[in-house]
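Novice: Below: one structure in structure tokens.
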Amino acid sequence: MSTKLISLLFCLLSFNAYSQQLSGRISDTEGKSIPFANIFIPELTTGTTSNIDGDYHLDLPEGEWQLHYRYMGYKTKEVKIKIGQNDMEMNVALAPQTYQLKEVKVLATGEDPAYFVMRKAIAMGDYYTKQISEYTNKVYLKGTGKVTSVPRLFKNKLAKEDIKVGKVFVTENISKIHFQLPNKIEEEVISIRSSGLDEQANPMQFISANLYNTRDNGFISPLDKAAFTVYKFQLISLFEDQGRTINKIKVIPKRKGKDLFNGFIYIAETFWNIHSADLKLKLPMTDVHMHQIYAPVSKDVWMPVSLDYKINFKGMGLGFEGMYVASIKDYKVTLNPDLDHDYLKQEELARKQETENIDKLSNTEESKVLSAKEIKRKAEIKTLLDKPDMKNADMRKLYRLMEKDNTKNKKEKIKEPLEIKIEKVKIAKGAKTKDSIYWTEMRPIPLSSDEKISFGQKDSIVQKKSTPEYKDSVRRANREFKYEHLLWGKTYRYKETNSTFSTPGLLSINKKSYNTVQGFTFDAPFSYTKRDTLGHYFEMTSNLSYAFSREHLDYTIGSTYRYNGMKRAWIGFEAGSKAIDFNDDSGIKPILNAAYSLFYKENNMKLYDKNYVSLWHETDLANGLNLYTELEYANRKQLYNNNSYSFYGPSDNKYTSNIPQGVDSDLIKNNKAMTFIAQLDYTPHHRYTVKKGVKQMTTYHSQPTFSLLYKQGIKNILDSETNFSFLEASIKQEFEIGFNDKLAYSIKAGSFLSNKKSYFADYRQFGTSKPVFMLGGDINTFRLLDYYQHATNKEYVEAHVQYTSDRFLLKRLPILNNSLVLQEKLFINYLSHKEKENYWEAGYGLSQIFLLLDLEVFWSFDGKEHKETGLKIKFNI
């Protein structure tokens, strides 16, 4: 059967089942449209959402149906309709919600009744998180965005991409979702289209937002166990909706921060579940306003049926307004068989008891089945749920009892798998090629006028880009040489062979540098890459570097090949000549050295000439266990200053020689060295993902990493003069110690086991950044340690500790309390060896200033003696 025939049959069947359309407009009593109102049919567990103009349409089968029209701030309107064989139009006006003050027992402390409600809701959170073990539904998601401002610097470039101020972009998709506890999500995109934005095929990031647990996303929910430490609550009013009493509670952050919500949350009395939410988030340069509406999709099961998010971004000259709206229907839910769902029955019965003045309800059948311990736990749970003056301690106890009761029937905890399965979104065949007729029939939320214009413009562009002439022009542009490529560089892409070729640009700023040994330099790197779908990757690189004052051309050529993506197995070589820093691994950045040389006459970087060839290999011996080996032969020669130029600088400043201060000149004289390196790294339970046949280890994890580094200078091979053995052991780790607070440490200890002959290039160097300005720098970077002077060929101990907090000291002050981005850091750095015993630094810093800078102050000590105080301005680039 042909694809066209199948599609025709599908359409005919669809039209037969849902051939009648209900449409109309939702407004308030004054005729003003209500955007994103929810229309839900409980019998069918289906519904839709109105668009920004309040318009809606919904396909329904013949019959009588009860429709619920809802939106926050308005009374739910229940309308019974009869669908015949013709389309039907019905406009609905929603009346403002009628609120009443709650009659409750006010405690002597004067505590707001909202705290009583929230304690109950938080305690029931674990139950509602696990209430459903599995569900399926159908989601329509529409995102609309508009650029409100662009920086002048990028205005022309963005215009070429058809991104202009005021232009509307729309993306929409229809997906089937299958969810299983704890977090397995399967998604099939049935149809998707976009008018200019990338085709985002994953609505789950919006519809699966769980207000019971937002910590994984970096937020503290009003229903979090720690909510009372960061929020105040106020009972505004209550109202009746669909047979339940709903508490409208105002959520008030005790402090300002990017991790806190503000707004309103609606909690159902007796059942203590979420009825709806109207919450805001203030993120760095971004404001988010979200609405969530829940509805009963099964008995005592309330799930989200309508969501909308408004996003407003303003920063660095760029402005963007976005809106996402989701309509969720066709729920099929499975109650979690491992849970005791009698909580809800007991609460409902208790409420009826109160009304009918029944003193006691027996439950003898349950007593025969449950153990004495379980009966006692259930009795405690019921007592706490019925408690009219629940305290915070009662809430925490109830939460623990509920959590324990909800996990009592679970099997022994299965060890977390090492591989993190990437939830693949299945794209149905033809999902991206549906025409406008299909979308008109299937789209549950009508398009606004601006959205219709946006799609119309996109259709004309798609038609143009689909022509063979246009495709050929794009292919030529990716491969065709132009003279301007000599100025700015170019990467040529060859899609058929999955390869690239990159050339340098004569005017590229990052290819130029300066130091006193070489003068001004210019680098010309070339590279060729090729990959396949089996995880193999090949790269060939070369670089020509000319030093104008030294009048010398350096060159390097190298190649790397990944021959096994699952074992992360690489082999490579490199050969050539170059001027290299004695502390090449963790010394001063060349661009920073150039700036300090030209503006302050401070030539911190010291270089030697290296003519070399090296062979290396890397592979995983087991998961988390990686072995790197390298064999290098180098002819190392002393270099001298050849240039003393500077833009300006202190007149009494003079450039220092190219011999590091305090270092014996014999240690940098010409020499030859054959060196073998082996490094073993082990991270227990290091999780990973697999993508296109390549294993990728997670970047952030809380596991420690243990390392062993061994170096051997091999004498008499090709006149090699070095003869030493070096061993270093280290451990590093980073982990969370609170919400958004992290602690990281790195400890290293090493020794030259034998040292018959070594040169300064073989010494153990330590990372430092002495100037006021810094470019990057990891946890192992000292701030006030002099360059080169404390390198050693003896035994040593090095340690670094860094604590990062969203709110530690200065962030508590009113002047910084409003800052959403700033983080505070505390530092401790330590070094001790024979020539530098018990050196340590302590520091405090503010990071992410303007999303770019860190400001730090440091103090250094030799033992108990204070040596120096320094200010650091760090650029995170």
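Novice: Could you say which residue among Lys654, Lys692 is on the phi > 0 side of the Ramachandran plot and out of contact with any Leu (no Cβ under 8 Å at 6 or more places or on another chain)?
Specialist: Numbers: Lys654 fails: on the phi > 0 side of the Ramachandran plot.
Result of the check over Lys654, Lys692: Lys692.
Novice: Moving to a separate point now. I'd like the full set of residues that are open to solvent by 10 Å² or more (accessible area, probe 1.4 Å), part of a loop (DSSP other than H, G, I, E, B) and of a type in the set (S, T, N, Q), limited to region 244-280.
Specialist: The one that is open to solvent by 10 Å² or more (accessible area, probe 1.4 Å), part of a loop (DSSP other than H, G, I, E, B) and of a type in the set (S, T, N, Q): Thr270.
Novice: If I filter region 212-230 down to residues being surrounded by fewer than 21 Cβ atoms within 10 Å (Cβ to Cβ) and not in a loop (DSSP other than H, G, I, E, B), which single residue comes out as modelled with the lowest pLDDT?
Specialist: Ranking the qualifying residues of region 212-230, first place goes to Asp216.
Matching residues to (1) in contact (Cβ under 8 Å) with a residue 12 or more places away in the chain; (2) within 44 Å of the chain's Cα centre (by Cα); (3) over 24 Å from Tyr537 (Cα atoms); (4) part of a strand (DSSP E or B):
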residue	(1), (2), (3), (4)
Ile588	yes, yes, yes, no
Ala595	yes, yes, yes, no
Tyr612	yes, yes, yes, yes
Leu631	yes, yes, no, yes
Asn635	yes, no, yes, yes
Tyr655	yes, no, yes, no
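Novice: While we're on this one: I need the full set of residues from region 425-460 which are open to solvent by less than 40 Å² (accessible area, probe 1.4 Å) and over 23 Å from Ser50 (Cα atoms), in order please.
Specialist: Ala428, Gly430, Ala431
Novice: State whether the residues of region 311-324 include one that is more than 30 Å from Leu852 (Cβ to Cβ), touching a residue at least 40 places away in the same chain (Cβ under 8 Å) and of a type in the set (A, V, I, L, M). Walk me through how you get there before you give the answer.
Specialist: Taking region 311-324 and keeping what is more than 30 Å from Leu852 (Cβ to Cβ), we get none.
Within region 311-324, none of the residues are more than 30 Å from Leu852 (Cβ to Cβ), touching a residue at least 40 places away in the same chain (Cβ under 8 Å) and of a type in the set (A, V, I, L, M).
Novice: What are the pairs with Cβ atoms under 7 angstrom where one residue, in region 69-86, is surrounded by fewer than 18 Cβ atoms within 10 Å (Cβ to Cβ) and modelled with pLDDT of 90 or more and the other, located anywhere, is outside any strand (DSSP E or B) and acidic (Asp, Glu)? Sequence gap at least six, or different chains.
Specialist: The qualifying pairs do not exist here.
Novice: Consider region 299-322. How many of its residues are open to solvent by 40 Å² or more (accessible area, probe 1.4 Å), in contact with a Ser or Thr (Cβ under 8 Å, 6 or more places away or on another chain) and at pLDDT 80 or above?
Specialist: Summing the residues that are open to solvent by 40 Å² or more (accessible area, probe 1.4 Å), in contact with a Ser or Thr (Cβ under 8 Å, 6 or more places away or on another chain) and at pLDDT 80 or above in region 299-322 gives 7.
Novice: Given (1) open to solvent by 70 Å² or more (accessible area, probe 1.4 Å); (2) assigned to a loop (DSSP other than H, G, I, E, B), where does Gln703 come up short, assuming only one miss?
Specialist: Looking at each condition in turn, Gln703 falls short on (1).
Novice: On the basis of being in a strand (DSSP E or B), surrounded by 16 or more Cβ atoms within 10 Å (Cβ to Cβ) and under 34 Å from the mean Cα position of the chain (by Cα), does Thr529 make the cut?
Specialist: Details: in a strand (DSSP E or B): yes; surrounded by 16 or more Cβ atoms within 10 Å (Cβ to Cβ): yes; under 34 Å from the mean Cα position of the chain (by Cα): yes.
Yes, satisfied.
Novice: Follow-up question, since we're still on this one. How many residues does region 711-730 hold that are out of contact with any Asp or Glu (no Cβ under 7 Å at 6 or more places or on another chain), of a type outside the set (A, V, I, L, M, F, W, C) and open to solvent by less than 70 Å² (accessible area, probe 1.4 Å)?
Specialist: Residues meeting the conditions: 8.
Novice: Sticking with this structure for a sec: Counting just the residues of region 551-568 that are out of contact with any Leu (no Cβ under 8 Å at 6 or more places or on another chain) and crowded, with 16+ Cβ neighbours inside 10 Å, which one comes out farthest from Thr619 (Cα to Cα)? Give the derivation first.
Specialist: First, pick out the residues of region 551-568 that are out of contact with any Leu (no Cβ under 8 Å at 6 or more places or on another chain): 551-552, 556-564, 566-568.
Then keep just the ones that are crowded, with 16+ Cβ neighbours inside 10 Å; that gives 552, 556, 558, 560, 562, 564, 567-568.
Values: His552: 37, Thr556: 25, Gly558: 19, Thr560: 13, Arg562: 10, Asn564: 9, Lys567: 6, Arg568: 6 Å.
Taking the candidates together, the pick is His552.
Novice: Right, here's the next one. From the set of residues in region 124-165 that are of a type in the set (Lys, Arg) and at pLDDT 80 or above, which is least open to solvent (accessible area, probe 1.4 Å)?
Specialist: First, pick out the residues of region 124-165 that are of a type in the set (Lys, Arg): 130, 138, 142, 146, 152, 155, 157, 160, 164.
Still in the list and also at pLDDT 80 or above: 130, 138, 142, 146.
Working: Lys130: 36, Lys138: 51, Lys142: 8, Lys146: 75 Å².
Among those residues, the one meeting the criterion is Lys142.
Table: residues versus (1) among the charged types (D, E, K, R); (2) touching a residue at least 24 places away in the same chain (Cβ under 8 Å); (3) touching a helix residue (DSSP H, G or I) at 6+ places or on another chain (Cβ under 6 Å); (4) surrounded by fewer than 18 Cβ atoms within 10 Å (Cβ to Cβ).
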| residue | (1), (2), (3), (4) |
| --- | --- |
| Lys732 | yes, yes, no, no |
| Phe735 | no, yes, no, yes |
| Leu743 | no, yes, no, yes |
| Ala749 | no, yes, no, yes |
| Leu753 | no, yes, no, yes |
| Tyr759 | no, yes, yes, no |
| Asp762 | yes, yes, no, no |
| Gln765 | no, yes, no, no |
| Met774 | no, yes, no, no |
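Novice: Can you spot a residue in region 854-861 that is over 22 Å from Tyr787 (Cα atoms), surrounded by 15 or more Cβ atoms within 10 Å (Cβ to Cβ), in contact with a Lys or Arg (Cβ under 7 Å, 6 or more places away or on another chain) and of a type in the set (S, T, N, Q)? Let's see the steps before the verdict.
Specialist: At the first step, the residues of region 854-861 found to be over 22 Å from Tyr787 (Cα atoms) are none.
Looking through region 854-861, none of the residues is over 22 Å from Tyr787 (Cα atoms), surrounded by 15 or more Cβ atoms within 10 Å (Cβ to Cβ), in contact with a Lys or Arg (Cβ under 7 Å, 6 or more places away or on another chain) and of a type in the set (S, T, N, Q).
Novice: Ok, one more. Go through region 657-692 and give me each residue that's surrounded by fewer than 16 Cβ atoms within 10 Å (Cβ to Cβ) and assigned to a loop (DSSP other than H, G, I, E, B).
Specialist: Selection gives Ser657, Gln661, Gly662, Asp664, Lys669, Asn670, Pro684, His685, Lys692.
Novice: State the number of residues belonging to region 501-524 that are open to solvent by 30 Å² or more (accessible area, probe 1.4 Å) and either of a type in the set (Ser, Thr, Tyr) or assigned to a strand (DSSP E or B) (or both). Before the answer, list the steps.
Specialist: First pass over region 501-524, keeping only residues open to solvent by 30 Å² or more (accessible area, probe 1.4 Å): 501, 503, 506-507, 509-513, 520, 522-523.
Adding the requirement that they be either of a type in the set (Ser, Thr, Tyr) or assigned to a strand (DSSP E or B) (or both) leaves 501, 503, 512-513, 520, 522-523.
Within region 501-524, residues that are open to solvent by 30 Å² or more (accessible area, probe 1.4 Å) and either of a type in the set (Ser, Thr, Tyr) or assigned to a strand (DSSP E or B) (or both) number 7.
Novice: Hey, another quick one. Quick one: Thr45 ticks every box in (1) modelled with pLDDT under 85; (2) buried (at least 19 other Cβ atoms within 10 Å of the Cβ); (3) under 16 Å from Asn91 (Cα atoms) bar one, so which box is it?
Specialist: Result: Thr45 fails condition (3) only.
Novice: If we keep just the residues of region 21-35 that are of a type in the set (S, T, N, Q) and surrounded by fewer than 17 Cβ atoms within 10 Å (Cβ to Cβ), which is modelled with the lowest pLDDT?
Specialist: Within region 21-35, the subset of a type in the set (S, T, N, Q) is 21, 23, 27, 29, 33.
Subsequent filtering for residues that are surrounded by fewer than 17 Cβ atoms within 10 Å (Cβ to Cβ) retains 21, 23, 29, 33.
Details: Gln21: 82, Ser23: 89, Thr29: 89, Ser33: 91.
Going through the qualifying residues, I end up with Gln21.
Novice: Could you please tell me which pairs satisfy a Cβ distance under 7 Å, a separation of 6+ or placement on different chains, a first residue in region 507-526 that is of a type in the set (Phe, Trp, Tyr), and a second residue that is open to solvent by 20 Å² or more (accessible area, probe 1.4 Å) and part of a helix (DSSP H, G or I)?
Specialist: Taking only residues 6 or more apart or on different chains, the pairs are Phe522/Lys511.
The values are calculated or read from the model by the stated rules, or taken from the named source; none is laboratory data. Note that the structure is predicted; figures quoted are calculated from it, not measured. Here the Cβ is made from the backbone with ideal geometry for all residues, glycine too, and neighbour counts use every protein chain on show. Note: accessible area is taken over every heavy atom of the protein model, side chains too, but ligands, DNA and RNA are not part of it. Shrake-Rupley method; radii C 1.70, N 1.55, O 1.52, S 1.80 Å.
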